[in-house]
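These notes are about the structure you will find just below.
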Amino acid sequence: DAKTTQPNSMESNEEEPVHLPCNHSTISGTDYIHWYRQLPSQGPEYVIHGLTSNVNNRMASLAIAEDRKSSTLILHRATLRDAAVYYCINSGGGADGLTFGKGTHLIIQP
Amino acid sequence: SAVISQKPSRDICQRGTSLTIQCQVDSQVTMMFWYRQQPGQSLTLIATANQGSEATYESGFVIDKFPISRPNLTFSTLTVSNMSPEDSSIYLCSVEVYSYGYTFGSGTRLTVV
């Protein structure tokens, strides 16, 4: 799995959009870009994943750079329940499993 | 997506003993994954368990310390053997669900005293 780089922490205000960046300059052509989050005292939770095109689901949007060397997870309207550690992971899936980095600790201020 | 039930949710064990963690999935899956999360750290993959074959261990993890069973397509166990305080961690199982990414159990919080 390619190594990803994320800020250690970010802070945002409730009800505002949040943009979480991730750099993955060594991503392979077949690796997907995954985002997971881990709330306190819980296992990681799937957020979104994509390969080349931008992706949207009920939780978030994923914007992928044209060269795929970076991506941004967008939470459109943060709530206090979005406070968690967010992990950006490149993986080919299947037997690869997931290689977790340190992630970004997202703090939401009321 | 799949639902994973993991037992026990937590345990306190004496050093030198062993603990077996169970992971039950509500659907058949080819591969199951076991992770360790040490206090304040990120997750580290221990091994991948495929039904009908021996588990594949990541660097730094060995079968004698972390034996894994995978008797069928919905169940797996991870044993933490001859425990020491350094084994105090959260242990999680995970499965891949097509189009939904990977689903994780809620974890087993192990404290070794």
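The values are calculated or read from the model by the stated rules, or taken from the named source; none is laboratory data. Just so it is clear, the structure is predicted and the values come from calculations on it, not from any experiment. Virtual Cβ from ideal backbone geometry, glycine too; neighbours counted across all protein chains shown. Remember, those area values only see protein heavy atoms, side chains included, never the ligands or the DNA or RNA. Shrake-Rupley method; radii C 1.70, N 1.55, O 1.52, S 1.80 Å.
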*What nm distance separates the two modelled labels at residue B:1 and residue B:72, each placed 7 Å from Cα along Cα→Cβ?*
2.5 nm
*Apply the Karplus parameterisation 6.51 cos²θ - 1.76 cosθ + 1.60, with θ equal to phi minus 60°, to every residue of the stretch A:98-105 and state each ³J(HN,Hα) to the nearest whole Hz, in sequence, with x for glycine and proline.*
10, 9, 8, x, 7, x, 10, 7
*With the contact rule set at Cα under 8 Å and sequence spacing of 6 or more, what percent relative contact order holds for the stretch B:1-61?*
24 percent
*Largest first, how would A:19, A:24, A:49 line up by accessible area (1.4 Å probe)?*
A:19, A:49, A:24
*In percent, what relative contact order does chain B have, based on Cα pairs under 8 Å that are 6 or more apart in sequence?*
37 percent
*Which three extents, in whole angstrom, do the alpha-carbon atoms of the protein assembly as shown cover along their principal axes, largest first?*
49, 37, 30
*Long-range amide H contacts for residue A:70: which residues qualify at under 5 Å (H placed 1.01 Å from N, peptide plane, sequence gap of 5 or more or a different chain)?*
A:24, A:65
_Please list 3J(HN,Hα) in residue order for the stretch A:61-77, calculated via the Karplus relation 6.51 cos²θ - 1.76 cosθ + 1.60 where θ = phi - 60°; whole Hz, with x for glycine and proline._
10, 10, 9, 10, 4, 4, 7, 6, 8, 8, 8, 9, 8, 10, 9, 6, 8
*asked:* Sorting check: for B:54-65, B:33-44, which peptide has the highest mean count of neighbouring beta carbons within 10 Å, and how do the rest follow?
replied: B:33-44, B:54-65
*Scan around residue B:112 for amide H atoms under 5 Å from its own, H built in the peptide plane at 1.01 Å from N, and keep only partners 5 or more places away or cross-chain.*
B:13, B:88
*Taking amide H positions as placed 1.01 Å from N in the peptide plane, with prolines and chain starts having none, which residues 5 or more places from residue A:14, or on another chain, fall under 5 Å of its amide H?*
A:109
_Give me the dipole magnitude in Debye, nearest 20, for the stretch B:2-58 about the Cα centre, with unit charges on the beta carbon: positive for Lys and Arg, negative for Asp and Glu._
240 debye
*asked:* Nothing charged except the Cβ atoms of Lys and Arg (+1) and of Asp and Glu (-1): what's the magnitude of the dipole of the stretch A:6-110 about its Cα centre? Round to the nearest 20 debye.
replied: 120 debye
_Rounded to the nearest 20 debye, what is the charge dipole size of the stretch B:44-113 about its Cα centre when +1 sits on each Lys and Arg Cβ and -1 on each Asp and Glu Cβ?_
160 debye
*Table column - 3J(HN,Hα) (Hz), the stretch B:57-66, Karplus curve with 6.51, -1.76, 1.60, x for Gly and Pro*: 9, 7, 4, x, 10, 10, 5, 5, 8, 10
*Determine the total buried accessible area between chain A and chain B, counting protein heavy atoms only with a 1.4 Å probe; round to the nearest 100 Å².*
1300 Å²
*Which Cys in the protein assembly as shown stand alone, with every other cysteine's Cβ at 4.7 Å or more from theirs?*
B:13
*Relative contact order, percent, chain A [alpha-carbon distance under 8 Å, six or more residues apart]*: 38 percent
